[in-house]
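Step one of this worksheet: look at the structure below.
The values are calculated or read from the model by the stated rules, or taken from the named source; none is laboratory data. Fair warning: this is a prediction, and the values are worked out from it, not measured in the lab. Cβ sites come from the backbone with ideal geometry, for glycine too, and all protein chains shown count toward neighbours. When the accessible area is computed, the model is the full protein with side chains, heavy atoms only, and any ligands, DNA or RNA have been set aside. Shrake-Rupley method; radii C 1.70, N 1.55, O 1.52, S 1.80 Å.
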Amino acid sequence: MYNCISYEKNKIMSNSAFIGRKNELETLNALFLKKSASLVVIKGRRRIGKSRLVQEFAKDKSFFVFSGIAPVEGILAQSQRDVFAKQLGNQIGLSSIQSQDWTDLFTLLAKGSSEGPVIILFDEISWMGSKDPTFLGKLKNAWDLEFTKNKELILILCGSVSTWIEQNIISSTAFFGRISLSLNLEELPLNDCSKLLDRQGFIGSAYEKFKILSVCGGVPWYLEQIRPDLNADDNIKNLCFSKSGMLFNEFNLIFHDLFEKRSELYRSIASVLASGAKEYNQISQELKYPKSGALSSYIEDMIQSGFITRDYTWSIKTGKPARLSHFRLSDNYLRFYLKFVMPNKEKIMQDSFRDIKMDTLPGWRAILGLQFENLALKNRKVIWQKLKIKPEDIVVNNPFFQRKTVKTPGCQIDYLIQTCFNTLFVCEVKFTQTEIKTDVIQEMKDKLSRFILPRRFSCWPILIHVNGVSENVVDQGYFTKIIDFSQLLEEDH
């Protein structure tokens, strides 16, 4: 077998302690229990940690890694093959590999990985195969005829362009029945986000950590940019309101990498949703774009890419989804950029925004509320645990909305859990700088007065917060459960 020098490189890249992804690693390691080669697909938004997960999985194993190059102007199909050949040569100890055909390269790689436990990563595979329509067909043939000869081989296809992977690999008839595992990497849960911030040396309070998460979400690479010598506001200013800031420049990279020539329309869709969830017709009207299949496909692309979530409301009486749905910008970084960075881009370029006080930004507190709702919804399983609800007992759980009609008042609930016992847990999600006062009780009562509750259903009001509630709120005993999300930063789940 050829000497695989990337094994040493992988050990070096895994020096820093790896945080999170326990379930994903267990699932990947279980593939070695099979008595056949495995083809794996991993997708997820840019910076979510796909490559880092594979590196951790491949630690102490023979590991080949290949990465496509961004298909910018001037990059040809041969350019991708040349880069692959160079990477292959470096890893099998052969110099000056040249090839005009992917088949030859795959055959050479198969020979170099023909024995023992081997992991091969094709990173940014959509870039690798973007210029050659024969790429995937030749990869499929190489898998069938050569790679599968090694029963201990795992080939991982990885990329940020989830729509390309879905259409060309997961849903492709060519790969039907060949994929052993498909993983969609999501943001890290709260406790892992907290551990990552702790590893960075950040010593801020739970509220400070949540302010950072309101901008970064649970995206590992963003959290790794946090400086321990700065508080939350100064870190946000350093990353977002400086012309050299990592997150000041990230937005354009996201849309260029994922959506290329159509990126402007995708940006417009995100902008429409930055102020709150909307129905499809509202998006069409605000964009002044026809309610066509094209618009639906663009929105679906953003859902597949992990930036937008479609929340269906439902019939409480039957538990079945309704036709009414809202589209929600579920990526905290995108919303923060669109609301606060992009409108001030010129000022930031002139370096006149460094001393801005975050809480003076127009709409700052309202947006923090939306960002915190996203975090709560992405960590909903922890809410189930706190409420002692078994997942198998849940009929539906989502944001709930009731459209206003002549007979029906409008109503919107941050998060509603319906169980098979006809129990409704109505969750009010609040992110405040100071402790919550008793007016939250009247706010919830007003909301529930507009909520149409079928007979034989019980309703339990729940309050989710970060920075404390007044004793009067607790003493009145109105809320069935008050969940302090700041505690979740330190708990293992």
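Assorted remarks:
- Column: log10 I(q)/I(0), Debye, Cα scatterers of the chain, q = 0.08, 0.09 Å⁻¹: -0.57, -0.72
- Translational diffusion coefficient of segment 164-266 (Stokes-Einstein, Kirkwood radius from Cα pairs, 10 °C, 1.306 mPa s): 99 µm²/s.
- Calculated FRET value between residue 472 and residue 388, using beta carbons and R₀ = 30 Å, to 0.05: 0.70
- Backbone amide hydrogens, once placed in the peptide plane, bring residue 395 within less than 5 Å of 418, 419, 420, excluding anything fewer than 5 places away on its chain.
- Å² of accessible area per residue within the chain, as computed with a 1.4 Å probe and no ligands counted: 46 Å²
- Packing-based order for 232-241, 95-104, 133-142, using average beta carbon neighbours within 10 Å, highest first: 232-241, 133-142, 95-104
- Pairs from the table (345/437; 50/111; 59/111; 278/378; 288/447; 278/447) lying more than 29 angstrom apart at Cα are 345/437; 288/447.
- Applying 1/(1 + (r/R0)^6) with r as the Cβ-Cβ distance of residue 149 and residue 438 and R0 = 60 angstrom yields a FRET efficiency of 0.30.
- Charged neighbours of residue 447, selected by a Cβ distance under 10 Å, balance to -2 (K, R count +1; D, E count -1).
- Size-normalised alpha-carbon gyration radius of segment 33-192, reference 2.2 N^0.38 Å: 1.00
- Look at the alpha carbon pairs under 8 Å that are at least 6 residues apart: their mean separation over the length of the chain gives a relative contact order of 13 percent.
- Dividing the radius of gyration of the alpha carbons in segment 396-442 by their Kirkwood radius gives 1.06 for Rg/Rh.
- P(r) of segment 371-471 over all Cα-Cα pairs, binned every 10 Å from zero, in whole percent: 13, 45, 34, 7, 0
- Between residue 458 and residue 98, the FRET efficiency estimated from the beta carbon spacing at R0 = 56 angstrom works out to 0.20.
- Taking each DSSP H run with n ≥ 4 as -39500 (n - 2.57) and averaging over every residue of the chain yields -11500 deg cm²/dmol at 222 nm.
- Protein heavy-atom surface of the chain, 1.4 angstrom probe: 50% of the accessible area is carbon and sulfur, with nucleic acids and ligands not counted.
- In segment 168-244, a dipole from Cβ-located charges (positive for Lys and Arg, negative for Asp and Glu) runs towards its positive end, and of 188, 177, 223 it is 177 whose Cα lies farthest in that direction.
- Rh by Kirkwood over Cα pairs, then Stokes-Einstein D for segment 263-407 at 1.306 mPa s and 10 °C, µm²/s: 91 µm²/s
- For the chain, the longest principal axis of the Cα atoms and the long axis of helix 263-273 meet at an angle of about 20 degrees.
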